[in-house]
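See structure below.
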Amino acid sequence: MFISVNDHNIHGALHGSAHDPALVLLHSLGTSHDVWQEQVRAFSRTHYVICPDFRGHGLSDLSCTPVTVEALAEDIVALLWELGVERFHLAGISIGGLVAQCVAGTLPDRVRTLTLFNSNIVSLAPQMWKDRAAKIRADGLASIAGGVLSRWITPQAAETPFGRGLATMLARMSSEGYAAGCDALAIADCRPHAARLTMPVSVAVGELDEATPPAAGKALADAIAGARFSIIPGAAHIPLFEQAAAVNNTLKASIREP
């Protein structure tokens, strides 16, 4: 589906029946709703799975205003209002985890459970993200694509079908859409939301993640009262395909919470 939000056309992929409990999945920088394919396959039989595309990603418009985590969260909230979704389980990976924290902090009574994969609570390297945005705008996304992919998955997964699929996903990404996401990550700070995250929260991070290392995931979990923390063995920054069973088990355990 498509909706107009603040002069932007925002896309959301919908799976399953609207009569089932809603599960909202928020993707990582440089990917799209398609990065959740294994989770959609596992959960759409029992849940109404909603996978939005952030501005500048997938089928959503490039942003005509500066991108922030808060602006992306506003788009998600508007999409859910349009769908008539009152309460929902929420999960996000990487920047999607930051956006999920913002959505849950804004709507704590509507979020049933919150699951955060390979994410953090505050920008880990503001200047790095600013420099990366500048390089992409100068030289294009292809100039850093190899380094990005090397952090997404383990080396042995690079030539698998899903590894090649992720490479294609990144190759089709708009350079400006990615750079705008870097702008958002440079200033991201979800610490003000932590006290409002009173729903059951689970934080999981890949054992081999260099982009958001286990220490960053642990700091995120420690900042949220009662949050559970786990490490996904053998996983890099995007384990959604490579370690799909572990991701699905983590998500399944989380959404079983009352």
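I need the full set of residues from the range 62-97 which are in contact with a Gly (Cβ under 7 Å, 6 or more places away or on another chain) and under 19 Å from Thr212 (Cα atoms), in order please. Can you show your working first?
The initial filter retains those residues of the range 62-97 that are in contact with a Gly (Cβ under 7 Å, 6 or more places away or on another chain), namely 62-63, 67, 79, 95.
Correct list: Ile95 only.
When Asn249 is evaluated against the numbered criteria (1) part of a helix (DSSP H, G or I); (2) within 16 Å of the chain's Cα centre (by Cα), which criterion, by number, is the only one it fails?
(2)
For the range 62-94, what are the residues that are assigned to a helix (DSSP H, G or I) and in contact with a His (Cβ under 8 Å, 6 or more places away or on another chain)?
Matches in the range 62-94: Asp75 only.
Only residues that are within 21 Å of the chain's Cα centre (by Cα) and without any contact (Cβ under 8 Å) to a residue 60 or more places away in the chain: list them for the range 122-135, please.
Residues satisfying the conditions are Ala125, Met128, Trp129, Lys130, Arg132, Ala133.
Just name the residue that is least open to solvent (accessible area, probe 1.4 Å) out of those in the range 96-145 that are within 15 Å of Pro200 (Cβ to Cβ) and of a type in the set (D, E, K, R).
Among those that are within 15 Å of Pro200 (Cβ to Cβ) and of a type in the set (D, E, K, R), it is Arg110.
Enumerate the pairs (first residue in the range 177-202 and under 20 Å from Gly226 (Cα atoms) and of a type outside the set (Val, Ile, Thr); second residue anywhere and assigned to a loop (DSSP other than H, G, I, E, B) and open to solvent by 10 Å² or more (accessible area, probe 1.4 Å)) with beta-carbon separation below 6 Å, excluding pairs fewer than 6 apart on the same chain, so at least 6 apart or on different chains.
Going by the 6 Å Cβ cut-off, the qualifying pairs are Cys190/Ile121; Arg191/Ile121; Arg196/Pro108; Pro200/Glu257.
Can you confirm whether Ser230 is in contact with a Phe, Trp or Tyr (Cβ under 9 Å, 6 or more places away or on another chain) and more than 25 Å from Met128 (Cβ to Cβ)? Step through it out loud before you land on a result.
Values: in contact with a Phe, Trp or Tyr (Cβ under 9 Å, 6 or more places away or on another chain): no; more than 25 Å from Met128 (Cβ to Cβ): yes.
Considered against the rule, which asks whether it is in contact with a Phe, Trp or Tyr (Cβ under 9 Å, 6 or more places away or on another chain) and more than 25 Å from Met128 (Cβ to Cβ), Ser230 comes out as no.
Taking the criterion of being open to solvent by 20 Å² or more (accessible area, probe 1.4 Å) and acidic (Asp, Glu), would at least one residue in the range 18-31 satisfy it? Please lay out each step first, then the result.
Here is the first cut: in the range 18-31, the ones open to solvent by 20 Å² or more (accessible area, probe 1.4 Å) are 18-21.
Retained after the next criterion (residues that are acidic (Asp, Glu)): 20.
So far as the range 18-31 goes, yes, one or more of its residues are open to solvent by 20 Å² or more (accessible area, probe 1.4 Å) and acidic (Asp, Glu).
Checking the conditions here, which among Val40, Val24, Val35 is within 20 Å of Ala167 (Cβ to Cβ) and outside any loop (DSSP other than H, G, I, E, B)?
Within the list Val40, Val24, Val35, the selection yields Val35.
Given the criteria closer than 22 Å to Pro200 by Cα, of a type in the set (Asp, Glu) and either out of contact with any Lys or Arg (no Cβ under 8 Å at 6 or more places or on another chain) or open to solvent by 20 Å² or more (accessible area, probe 1.4 Å) (or both), does Glu82 qualify?
no
Conditions first: (1) surrounded by fewer than 24 Cβ atoms within 10 Å (Cβ to Cβ); (2) within 15 Å of the chain's Cα centre (by Cα); (3) not β-branched (Val, Ile, Thr). Ala42 passes all but one, so which condition is the exception?
Going through the list (1) surrounded by fewer than 24 Cβ atoms within 10 Å (Cβ to Cβ); (2) within 15 Å of the chain's Cα centre (by Cα); (3) not β-branched (Val, Ile, Thr), Ala42 breaks only (2).
Cβ contacts < 9 Å: first residue hydrophobic (A, V, I, L, M, F, W, C), restricted to the range 209-220; second residue assigned to a helix (DSSP H, G or I) and buried (at least 24 other Cβ atoms within 10 Å of the Cβ), any location; separation 6+ or different chain. Result?
Ala211/Trp152; Leu220/Gly97; Leu220/Gln101
Is the range 56-69 home to any residue that is in contact (Cβ under 8 Å) with a residue 60 or more places away in the chain, among the polar types (S, T, N, Q) and under 16 Å from His11 (Cβ atoms)?
Yes, some residue in the range 56-69 is in contact (Cβ under 8 Å) with a residue 60 or more places away in the chain, among the polar types (S, T, N, Q) and under 16 Å from His11 (Cβ atoms).
Before we move on, is Leu149 of a type outside the set (Val, Ile, Thr), closer than 26 Å to Glu176 by Cβ, more than 13 Å from the chain's Cα centre (by Cα) and at pLDDT below 95?
No.
The values are calculated or read from the model by the stated rules, or taken from the named source; none is laboratory data. None of these values were measured; they are calculated from a predicted model. Cβ coordinates were reconstructed from backbone atoms using ideal geometry, including for glycine residues, and neighbour counts include every protein chain displayed. The accessibility values were calculated without ligands, DNA or RNA, using every heavy atom of the protein model including side chains. Shrake-Rupley method; radii C 1.70, N 1.55, O 1.52, S 1.80 Å.
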